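Here's the structure, in structure tokens; my notes come after.
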Amino acid sequence: MGKTFNIGVIPGDGIGPEVITQALRVLDVCQELSDVSFDLHMFDLGAERYLRTGDILPAESLDQLKTVDAILLGAVGDPRVKPGILERELLLRLRFELNLYVNLRPIQLFEGVQSPLAGKSSAEIDFVVCREGTEGLYAGRGRSEQVETRNELALEESVNTYQAVERLLRFAFELSMTRDKHLTLIHKTNVLTFAGSLWMRVFEELAREFPDVSTHYMHVDAASMFFVTRPEEFDVIATDNLFGDILTDLGAAISGGIGLAASGNINPTRLTPSMFEPIHGSAPDIKGTQRANPIAAILSVKMMFEHLGLHDLSELITRSVAKDIKQNFAAARSTSQIADGIIHHMRGSSHEN
Ligand code: IPM
Ligand code: MG
């Protein structure tokens, strides 16, 4: 008997449930093709629940989520709910409460996908962003004074602790050792001097511990330019929460669009479950139209398998997605047809083995 994993599933809002349905079909096929099994625990969290009951993340849901092996999340956000409420009190709260301090976001151009960058091939767009996941400007420290007057003042504080910077950078150095040993820190040390100095000192301190890793520093504005003009310069990137948010949308765009980009919110200590989700949002404008691309959600399952040590299954998904994209990327297909294509390759390649 193979191992059983408990997976918490939060389909969420907008296209979230549609892409998660397809991701779960892929997960089912993995179960069928291996001796591993998955017990799914569905969580009704998001806009519908909030509008119905006023609950966003009840204590008992959070407690249950803490007990699973990993979490798969669709998307959060709904035009009927004021911006910031679900994002802060559901998604960010989960990242904070579960201490998911590495937001891992691979940027990879699959063969067959046309990058908007002319002439760039898949060998040139292949890097990973390690975005800090628990603090920075996301920490929610701030206040407003004299609201709705001409003297209004709004403050947002960026929180940067040695411990959080160190653990994120250490993860990025360790990841670099498994890839090209080429790590770039992205910040804005010339303006954000307090946080910048901390990030830079810790970066230099760890660089001495990892002499095999070649280290580079770039300001975030220059890095945005190089994402477009010289993406081949990057292998592993370490950056803070907000820079990482912005840069990974840009990264998704240069690698074929947000419909393909997966992410993992990871706690490398494994004291809490890690959470895997597409980078894209809930896209309420295309909800229910079967036009959402499920690949980002399917690749999030792949990242979840990697984290759980299910390397063969993770490889099977990668191979099948890559084959499907190579053959059919340009074809107009519905959400479920894209998953059909991937599942077809999964069954085919498992027979090859
Ligand atoms: C992301 C999203 C979130 C973020 C939003 C929905 C709060 O943009 O995961 O990149 O800013 O982190
Ligand atoms: Mg984002």
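The values are calculated or read from the model by the stated rules, or taken from the named source; none is laboratory data. It should be emphasised that the depicted structure is a prediction, and the values quoted were computed from it without experimental measurement. Quick reminder, even Gly has a Cβ in these numbers, built from the backbone with ideal geometry, and neighbours come from all protein chains shown. The area values use the complete protein model at the heavy-atom level, side chains included, leaving out ligands, DNA and RNA. Shrake-Rupley method; radii C 1.70, N 1.55, O 1.52, S 1.80 Å.
Need one number: nm distance between label points at Thr161 and Glu97, each 7 Å from Cα along Cα→Cβ, rounded to one decimal.
My value for the distance between the label points is 1.8 nm.
Per residue, how large is the accessible surface of segment 184-279? Use a 1.4 angstrom probe and give square angstrom.
Details: 3750 Å² over 96 residues.
With the other protein chains kept in place, segment 184-279 gives 39 Å² per residue.
For segment 161-166, take each phi angle, set θ = phi - 60°, evaluate the Karplus expression 6.51 cos²θ - 1.76 cosθ + 1.60, and give the result in whole Hz per residue in order, putting x for glycine and proline.
Rounded to whole hertz, the list is 9, 3, 4, 6, 5, 5.
Stretch Thr21-Asp340 to full length: gain in nm at 0.36 nm per residue minus the Cα-Cα span? Don't jump to the answer; show the numbers that get you there.
Values: separation 319, 0.36 × 319 = 114.84 nm, distance 1.20 nm.
Result: 113.6 nm gained on full extension.
Going by Cα centres, segment 126-182 and segment 254-315 are how many Å apart?
Centre-to-centre (Cα) distance: 21 Å.
Rounded, prolate or oblate, given the Cα gyration tensor of segment 1-128, with a/c below 1.5 counting as rounded?
Numbers: a/c = 1.95, a/b = 1.25, b/c = 1.55.
Oblate is the answer for segment 1-128, as a/c is 1.5 or above yet b/c matches or exceeds a/b.
Once amide H atoms are built 1.01 Å from N in the peptide plane, which residues 5 or more positions from Lys3, or in another chain, come under 5 Å H to H?
Ser37
With runs of 4+ DSSP H residues as the only contributors, calculate the mean residue ellipticity of the chain at 222 nm using -39,500 (n - 2.57) per run, divided by the residue total and rounded to the nearest 500.
Values: 11 runs with 144 residues, N = 353.
Computed mean residue ellipticity for the chain: -13000 deg cm²/dmol.
Using heavy-atom solvent-accessible surface (probe 1.4 Å) with all chains present, what is the largest-first order of His182, His311, His345, His41?
Values: His182 45, His311 105, His345 20, His41 70 Å².
Listed by decreasing accessible area, they come as His311, His41, His182, His345.
At 7 Å along the Cα-to-beta-carbon direction for both Asn151 and Asp28, put a label point, then send me their distance in nm to one decimal.
Going from the Asn151 label point to the Asp28 one covers 6.3 nm.
Could you run the Karplus curve 6.51 cos²θ - 1.76 cosθ + 1.60 with θ = phi - 60° over segment 49-54 and give me ³J(HN,Hα) per residue in whole Hz, x for Gly and Pro?
Taking θ as phi minus 60°, the curve returns 4, 5, 5, 7, 10, x Hz for segment 49-54.
Highest mean first, how do 22-34, 3-15, 198-210, 143-155 rank when packing is the count of other Cβ atoms within 10 Å averaged over residues? Show your work: numbers first, answer last.
Values: 22-34: 19.6, 3-15: 22.5, 198-210: 16.2, 143-155: 8.9.
Final packing ranking: 3-15, 22-34, 198-210, 143-155.
Give me the log10 of I(q) over I(0) for the chain at q = 0.15 Å⁻¹, as the Debye formula computes it from C-alpha points; what are the numbers?
Debye curve over Cα of the chain, log10 I(q)/I(0) at q = 0.15 Å⁻¹: -1.40.
Of the candidates Thr21, Thr239, Thr289, which one comes out as most mobile in a Gaussian network treatment of the chain with C-alpha springs shorter than 10 Å?
Thr289
If R0 is 25 Å, what FRET efficiency do you get for Glu232 and Thr193 from their C-beta distance, rounded to 0.05? Could the numbers behind the result be given before it?
Working: r = 31 Å, r/R0 = 1.23.
Between Glu232 and Thr193 the formula returns 0.20.
Rank Val81, Thr193, Ser158 by how far each Cα sits towards the positive end of the charge dipole of segment 59-206 (+1 on Lys, Arg Cβ; -1 on Asp, Glu Cβ) and give me just the farthest.
Of Val81, Thr193, Ser158, it is Thr193.
Is the C-alpha gyration tensor of segment 1-44 telling us rounded, prolate or oblate? Criteria: a/c under 1.5 is rounded; beyond that, a/b larger than b/c is prolate, otherwise oblate.
Numbers: a/c = 5.43, a/b = 1.81, b/c = 3.00.
Oblate, because a/c is 1.5 or more while a/b does not exceed b/c.
Label segment 280-353 by shape, choosing from rounded, prolate and oblate, from the square roots a ≥ b ≥ c of the eigenvalues of the Cα gyration tensor; if a/c is under 1.5 it is rounded, and otherwise prolate applies when a/b is larger than b/c, oblate when it is not. Intermediate results must be reported in sequence, preceding the final value.
On the way: a/c = 2.80, a/b = 1.41, b/c = 1.98.
It comes out oblate by the Cα gyration axes.
For segment 67-208, place one equal point scatterer on every Cα, skip the solvent, and apply the Debye formula. What is log10 of I(q)/I(0) at q = 0.09, 0.11, 0.12 Å⁻¹?
Once normalised to I(0) and log-transformed, intensities are -0.41, -0.61, -0.72.
Under a Cβ-only charge scheme (Lys and Arg +1, Asp and Glu -1), can you give me the dipole magnitude of segment 1-129 about the Cα centre, in debye to the nearest 20? Mind showing how you got there, number by number?
On the way: 12 positive and 19 negative charges, 84 e Å.
For this selection, approximately 400 debye.
What's the carbon and sulfur percent of segment 101-210's accessible surface, probe 1.4 angstrom, rounded to a whole number?
Numbers: 2800 of 5800 Å².
Exposed carbon and sulfur together represent 48 percent of the surface.
Sort out for me the Cα centre separation of segment 190-207 from segment 212-235, rounded to whole Å.
Taking the Cα centre of segment 212-235 as reference, the centre of segment 190-207 is 17 Å away.
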